[in-house]
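Inspection log for the structure reproduced underneath, given as structure tokens.
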Amino acid sequence: MNMAATECLLQLYEERLQLEDYQSGVPRWCSGCGDNAILAAVQRLCRDEGLRPEQTVFVSGIGCSSRFPHYMKTYGFHGIHGRALPIAEGVKMARPDLTVFVNTGDGDCCSIGAAHWIHALRYNMNITLFLHDNQIYGLTKKQVSPTSPIGTRSNTTPRGAYLEALNPLTVTLGVQNVSFVAQAVDWIPELLYDIVKAAYHHKGLSFVRIVQRCPEWLPKLMDPWMHDPQKVQLVHHERALRISPAIAKVYKNHVEHDPLNMDRAREIASSTDVVPVGILYQNPCVPCYEDIRRSGGLRSADYVRRGLEGEFDKFTVWPEGAGEQQAA
Amino acid sequence: MESDLQTHVTFYLTGKRHGGQLGPIDGMALRPALLAGYRDLTRLRYDYPVVLCAQDGDGASVRPLSGLVDAALGQAGGGQDGERVRRHVLHLEEDIRKLLAEGAEGTLSALWDKAAGAQAGQGLGRVRAAIKADGELADCDRRLPARLVGHAWNAVQQRKSRRFAEDITRLIHKLNDILVADFVRSDAGKSVDVLKSGIGTSHQDSFDFDAMSRILRDSVHEVALPASRRRRVTQLLSVLESQRFCARTDLPAGDEADEPYAFAFGSCDAALRAYRERLPKAIELLKAISMAELEIRSEYHEAKHDPIFEGFGEIGFDPRDLSRFPDYLVCANASRMRGVENDRLAEIFSGGLPMKVLVQTDDLLEESPLGKGHLAIGLRAKQLASMAIGLSRVFVLQCPSSHLVQWSGHLTQGLLYSGPALFSVFSGAPEKAGTLPAYLNAAAALEARVFPAYVYDPSAGSDWAARFHLGENPQAERDWPMREFAYEDSNHQRMAESLEFTLVDFIVCDPRFADHFARVPPAHWNGSLVPVAEALAHEPVGLPTQVPCLTMVDESNALQKVIVDENLIREARTCRDMWYSLRELGGIRNSHAERLLAREKQAWERVRKQESAAPAVVAAPVAEARPEPPVESEPERSPDEAYIETARCSTCNECTTLNPKMFKYDANMQAYIADIDAGTYAQLVEAAENCQVSVIHPGKPRNPKEPGLEELQKRAEAFL
Ligand SMILES: Cc1ncc(C[n+]2csc(CCOP(=O)(O)OP(=O)(O)O)c2C)c(N)n1
Ligand code: SF4
Ligand code: SF4
Ligand SMILES: [Mg+2]
């Protein structure tokens, strides 16, 4: 059925926002930092999707990448280290009408915040998460992170990291209720944008690991991948990421992959010789926690007051005799 | 024998029983043989009675009693005493049917208890407990269509109205929030008294409210709500709070708003009058809802929106805008569908108004206004339905009440449809009661194609194939449905015969038409008596040599043969022809399709013949033409030119930091060379070297006097 007249009229007058309407301040990131590319892609998304600034929230933890909310002219919450997800979940639970994004670093998400990461995947709330994975603690000046490759020399591992790096993709794909997993690299802006967009449109927790360069502390780390287009493997499918001819001309290593095929997704995620770029897994049928637990009731001021008073009453110690008086 | 034929033919042509041989059928309680098995419906388990379930989670709000009992038996009827309990429960079910047939009324639980009486028992209680649904029991009688449709409508409306009320309540709260927030920010909101009341009594001494008020007033300067917005919000609130289209659920007791409107009516005229009367209020509310939605999102811009809402609803109005409002229900009877009522119905349908109209037909065999001998079989129902379908935006469901339970899904579909709907239902219970119970009569009408069942759903697609369904009609491929009939002959031998159920079988059950029939005593049964369906299939030329006859049974279940006059045979032919055209609409034996098919077949045959005559040629496989998607053409660049592959820029700020005049970002935050003269060739080369994605191409130097060019050009080579 097509739209009724009133609806048409109102849509006719919708506002269009420009990129500048989402920009706030000058990023304090080093020049050459991959976070800039992510910021540009996300601002483009906001503009193209017409996200209303007052209906959009960016939540982050601590780190270079977690400065992200400062640079968005939307609502934001620069949280505490590792706790971006619980805050974002609270926001979404209280205000399911808001669009919620999370920006988190590899230290923030995979180290101190690892517990929240696992459970957020299982809760599958409708949130879009960007893991800015520069494989190092950037803000605190070069300490090893769980995703640093073995042998990485850093201030905490002067002789090189001792352990194999953790793979955020395979970990994510191992958690119950996972519903969207993708990987992007900051140096292919077109694909970064497409993946960010697909993640935004997915209903559920969209986990996007973005391989992000930190020229300050690991300037050469990604060079082998950047300089050999064959080492970027484009994961495409008609129901997931589609590759434009311009991209196909530069990046010729393609693999077709059905985003519902979990086994294959895990296989692709485990690749070490190439960096897969695209949507590894997407299942639109996993229920969202906020929907399962939605109470439907309107949170009027009165409702909130009654709820709070009920809670406080549990802890109130009445002087002797006052209890009965209160009950009467 | 010759004289037998003459007597029969004379009756066939004139309807007169000459000579003593043919007998009248009135008073004999004859029935078509195919209905012999349905003498006592209370002993049969079928779709009726139904329980009009009061509250039902899974949406099925009408459940056959037999289905509920079966499900409960399946759940709780097992165990050692299983078979005994089963029989006991089925017996009880039969008793409930008898109670209803005797006119008892009430809920399932009430009638169950009444029927069970003193007889209790472990098993019975167990099964009873397993039946979770409860509600009024309804048998298939004249009241059934309105009860059932009304019940289903109620269920849909309640849900709809609850959602609507929630929406309105939400808007009221959010609008109030705007006013409350404004108050909190105002000087009055920061006054000593207000602050005090916010803290409560126990800790008042700990605060200096004067100081608090002063600080708040002096330090935070907030802009008050503009007067026009305050006026608008207040006005919207008053409209939303005084609306009567749905009952608000959140109001505390005693705080009653005005009585909500009723939406169920007994005539189209009354419904239409109410609709007209309320329309200005409806438009006002609709406008308030749209404005409030904008207002609470802070998207109401006076310059843009004032003009839209000022003229709102003035130049006509799309009824689809009312889709969130409750729908009207009209329960009307076909016998009163004349004159004004008829006009009103047409107005409702052609206006696309949100009304669901039940037109109940009780009598399909009214005499035509033309007088004796002319029948107008189901005329009014047919007229209404074809008018409604002709308007193409009306949902139409036609169904006899016998099959209404099976088709309750379509009923719900019609109720949910966002436009007018017509439910044309034959109750099977004419005023001048026939010999058949309503259920059987209704089912016979479907069987005899007098009242075929169909659905026309405009929301299902844009063509007839998607919209029109003939679903429930038995053996739709045939002119008349054919059934096996088994009996015992006079020598106690088992005999079987296939009988077709025609319009004439339907009519013979109605005593008003007894004159059109004559009983032939067994002694005169002969080869010139042919089944009605056979007679209908061959239109006779000249003087008839055969006479159509029905196979019937009397009260003692003895076989009888009854001949019929030509009048009714003519009616049956008309009825069959109408069935044909209905069938074509339903895509069954569609003449256009059949012709097309025949033509294609012929063409195919021709090609095949030619091919077998000519030597075989292997056709080259035709490659599937798949046009390559056009490659976005990058402009051809000369290596001398300086440029950036902007689409591949990863926004790293290197170049823009190096020389923000020379390198700038575009609307997507990707770099391009904004002014090549704003910097040196050395800077271009340096930027190219710093760009980690290597998308900066410095080209050839433009100023030959720039120092160190030779070395720079060497460095630039890598990026040309
Ligand atoms: C509870 C706590 N522990 C430790 C720190 C110190 N700290 C700040 S940022 C950071 C790591 C940041 O690394 P990552 O999350 O990868 O962000 P990046 O800077 O690399 O973007 C640490 C350990 C802190 N702020 N809070
Ligand atoms: S230290 Fe690394 S991650 Fe942090 S801003 Fe600089 S380049 Fe980016
Ligand atoms: S240096 Fe390259 S990637 Fe960085 S902003 Fe300039 S053109 Fe873009
Ligand atoms: Mg990091």
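Considered as a group, the residues in the range A:211-232 that are more than 16 Å from ligand 4 (Cβ to nearest atom) and within 11 Å of chain B (Cβ to nearest Cβ) include one that is farthest from A:VAL275 (Cα to Cα), and that residue is A:LYS220. Annotation for the range A:106-123: no member residue is within 14 Å of chain B (Cβ to nearest Cβ) and either of a type outside the set (Val, Ile, Thr) or within 12 Å of ligand 4 (Cβ to nearest atom) (or both). Is it the case, given these coordinates, that B:LYS190 is under 21 Å from B:LEU44 (Cα atoms), among the charged types (D, E, K, R) and more than 14 Å from chain A (Cβ to nearest Cβ)? It is false that B:LYS190 is under 21 Å from B:LEU44 (Cα atoms), among the charged types (D, E, K, R) and more than 14 Å from chain A (Cβ to nearest Cβ).
The condition of being crowded, with 19+ Cβ neighbours inside 10 Å, within 17 Å of B:ALA54 (Cβ to Cβ) and away from chain A (no Cβ under 14 Å) holds for B:VAL149.
Restricting attention to the range A:52-90, which residues are of a type in the set (A, V, I, L, M, F, W, C) and either surrounded by 18 or more Cβ atoms within 10 Å (Cβ to Cβ) or not in a loop (DSSP other than H, G, I, E, B) (or both)? Spell out how you get there, then give the answer.
Initially, the range A:52-90 is screened for residues of a type in the set (A, V, I, L, M, F, W, C), giving A:57-59, A:62, A:64, A:68, A:72, A:77, A:80, A:84-85, A:87-88.
Residues satisfying the conditions are A:VAL57, A:PHE58, A:VAL59, A:ILE62, A:CYS64, A:PHE68, A:MET72, A:PHE77, A:ALA84, A:LEU85, A:ILE87, A:ALA88.
In the range A:104-144, what residues are in contact with a Ser or Thr (Cβ under 6 Å, 6 or more places away or on another chain), part of a loop (DSSP other than H, G, I, E, B) and near ligand 1 (Cβ under 9 Å from one of its atoms)? Within the range A:104-144, A:GLN135, A:ILE136 qualify.
This table checks each residue for (1) within 15 Å of ligand 1 (Cβ to nearest atom); (2) closer than 16 Å to A:ILE210 by Cβ; (3) of a type outside the set (D, E, K, R).
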site	(1), (2), (3)
A:GLY34	yes, yes, yes
A:ALA40	no, yes, yes
A:THR56	no, no, yes
A:PRO69	yes, no, yes
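Listed residues A:SER60, A:SER31; which is of a type in the set (Ser, Thr, Tyr) and either within 21 Å of A:LEU221 (Cβ to Cβ) or within 8 Å of chain B (Cβ to nearest Cβ) (or both)?
The conditions single out A:SER31.
Step by step: first the residues of the range B:294-319, then only those that are in contact (Cβ under 8 Å) with a residue 60 or more places away in the chain and part of a helix (DSSP H, G or I), then the one that is nearest to the other protein chains (Cβ to nearest Cβ). Which residue is that? Before the answer, list the steps.
Residues of the range B:294-319 in contact (Cβ under 8 Å) with a residue 60 or more places away in the chain: B:295-296, B:300, B:302, B:319.
This time we only want the ones that are part of a helix (DSSP H, G or I), so: B:295-296, B:302, B:319.
Values: B:GLU295: 12, B:ILE296: 11, B:GLU302: 12, B:PRO319: 9 Å.
Only one residue fits best here, namely B:PRO319.
Reported count of residues in the range B:211-244, each being part of a helix (DSSP H, G or I) and in contact with a helix residue (DSSP H, G or I) (Cβ under 6 Å, 6 or more places away or on another chain), is 9. Working carefully through the options B:ASP205, B:ASP193, find the one that is under 59 Å from the mean Cα position of the chain (by Cα), among the charged types (D, E, K, R) and surrounded by fewer than 13 Cβ atoms within 10 Å (Cβ to Cβ). That would be B:ASP193, the only listed residue that is under 59 Å from the mean Cα position of the chain (by Cα), among the charged types (D, E, K, R) and surrounded by fewer than 13 Cβ atoms within 10 Å (Cβ to Cβ). A:GLY138 fulfils the conditions (1) farther than 26 Å from A:ILE80 by Cβ; (2) of a type in the set (Gly, Ala, Ser); (3) within 16 Å of ligand 2 (Cβ to nearest atom) except for a single criterion, (1). Among the residues in the range A:258-273, are any modelled with pLDDT under 95 and within 16 Å of ligand 3 (Cβ to nearest atom)? So far as the range A:258-273 goes, no, none of its residues is modelled with pLDDT under 95 and within 16 Å of ligand 3 (Cβ to nearest atom).
If the requirement is being assigned by TED's automatic domain parsing to the domain that holds A:CYS30, at pLDDT 95 or above and farther than 28 Å from A:VAL42 by Cα, which of these qualifies: A:THR157, A:THR128?
On the way: A:THR128 fails: farther than 28 Å from A:VAL42 by Cα.
After ruling out the rest, the residue left standing is A:THR157.
Residues checked against (1) under 28 Å from the mean Cα position of the chain (by Cα); (2) modelled with pLDDT under 90; (3) within 14 Å of chain A (Cβ to nearest Cβ):
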{"position": "B:ASP258", "(1), (2), (3)": "no, yes, no"}
{"position": "B:ALA262", "(1), (2), (3)": "yes, no, no"}
{"position": "B:SER267", "(1), (2), (3)": "yes, no, no"}
{"position": "B:LEU272", "(1), (2), (3)": "yes, no, no"}
{"position": "B:GLU277", "(1), (2), (3)": "yes, no, no"}
{"position": "B:GLU284", "(1), (2), (3)": "no, no, yes"}
{"position": "B:ALA292", "(1), (2), (3)": "no, no, yes"}
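Of B:LEU353, B:LEU345, B:LEU322, B:LEU384, all but one fail to be outside any loop (DSSP other than H, G, I, E, B) and modelled with pLDDT of 90 or more; the exception is B:LEU345. The number of residues in the range B:11-27 that are crowded, with 17+ Cβ neighbours inside 10 Å and either within 55 Å of the chain's Cα centre (by Cα) or of a type in the set (Ser, Thr, Tyr) (or both) comes to 6.
Using the structure shown, decide if B:HIS173 is under 24 Å from the mean Cα position of the chain (by Cα) and part of a helix (DSSP H, G or I).
Numbers: under 24 Å from the mean Cα position of the chain (by Cα): no; part of a helix (DSSP H, G or I): yes.
No, not satisfied.
Sort out which residues of the range B:695-714 are of a type outside the set (Asp, Glu), surrounded by fewer than 16 Cβ atoms within 10 Å (Cβ to Cβ) and either touching a residue at least 24 places away in the same chain (Cβ under 8 Å) or not in a loop (DSSP other than H, G, I, E, B) (or both), and write them in order of number. Full working, then the answer.
The initial filter retains those residues of the range B:695-714 that are of a type outside the set (Asp, Glu), namely B:695-705, B:707-709, B:712-714.
When the remaining residues are screened for being surrounded by fewer than 16 Cβ atoms within 10 Å (Cβ to Cβ), the result is B:700, B:702-705, B:707-708, B:713-714.
Within the range B:695-714, B:LYS700, B:ARG702, B:GLY708, B:GLN713, B:LYS714 meet the criteria.
The values are calculated or read from the model by the stated rules, or taken from the named source; none is laboratory data. These numbers come from a predicted model, not from an experiment. Positions of Cβ are generated from backbone atoms using ideal geometry, with glycine treated the same way; all protein chains shown enter the neighbour counts.
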